[in-house]
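Notes for the one structure printed next.
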Amino acid sequence: MKHTAVFRFATDDACALYLSLFQEMDDVGDRSSACVRLEAEDLLVLDVAATDISALRAALNTWLRLITIAVEMREIAAPSG
């Protein structure tokens, strides 16, 4: 059985986040895969698939943490206001 999760992030920084995350797509384990893409100028999509629920949880932890770090670094590099 294959398990999947899809997250959509609506943000003005979607392109910058995509550029900082897409290079990590090849660096996944044997039991999971992830795809980061832009659906619109302001919509980042994370699509994660795994062979089992434990692998899905681990992959989601990794990718959601990477997105959080990218957002935090973007705020430090280009603060709004």
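The heavy atoms of THR51 offer some 80 square angstrom of accessible surface to a 1.4 angstrom probe.
Which of the GluC sites (Glu not before Pro) found in the chain are loop residues per DSSP with 12 or fewer other Cβ atoms within 10 Å of their Cβ?
Passing sites in the chain are GLU41.
For the chain, the longest principal axis of the alpha carbon atoms and the long axis of helix 53-77 meet at an angle near 10°. Think of the chain as a dipole: +1 on every Lys or Arg Cβ, -1 on every Asp or Glu Cβ, centred on the Cα centre; then among SER33, ALA78, PHE22, SER33 lies furthest on the positive end.
Remark: segment 1-58 carries 64 Å² of accessible area per residue (probe radius 1.4 Å; ligands, DNA and RNA excluded). Between amide H atoms placed 1.01 Å from N, distances below 5 Å from ARG31 occur with no residue 5 or more places distant or on a separate chain.
Counting only protein heavy atoms and a 1.4 Å probe, tell me what percentage of segment 35-81's accessible area is made up of carbon and sulfur.
Of the solvent-accessible surface of segment 35-81, carbon and sulfur hold 57 percent.
In terms of Cα atoms, the Rg and Dmax of the chain work out to 13.1, 47 Å.
What percent does the relative contact order of the chain come to when contacts are Cα pairs within less than 8 Å and at least six residues apart? Can you show the working numbers first?
On the way: 115 pairs, mean separation 27.9, N = 81.
Rounded, it is 34 percent for the chain.
With a 1.4 Å probe rolled over the protein heavy atoms of all chains, the accessible area of ILE69, ILE53 falls in the order ILE53, ILE69, largest first. Here the simple spin-label model places points 7 Å from the Cα toward Cβ, and for ARG74 and VAL45 these points are separated by 1.8 nm. Using a Gaussian network model of the chain in which every pair of alpha carbons under 10 angstrom is joined by a spring, one finds that among ALA50, ALA58, ALA70 the greatest mean-square fluctuation is at ALA58. Placing +1 on the Cβ of every Lys and Arg and -1 on the Cβ of every Asp and Glu, with nothing else charged, gives the chain a dipole about its Cα centre of roughly 320 debye.
The values are calculated or read from the model by the stated rules, or taken from the named source; none is laboratory data. If you're wondering where the values come from, they're calculated on a predicted model, not measured in any experiment. Heads up, the Cβs are rebuilt from the backbone with ideal geometry, glycines too, and the neighbour counts pull from every protein chain shown. What goes into the accessible areas is simple: the full protein's heavy atoms, side chains included, and nothing from ligands, DNA or RNA. Shrake-Rupley method; radii C 1.70, N 1.55, O 1.52, S 1.80 Å.
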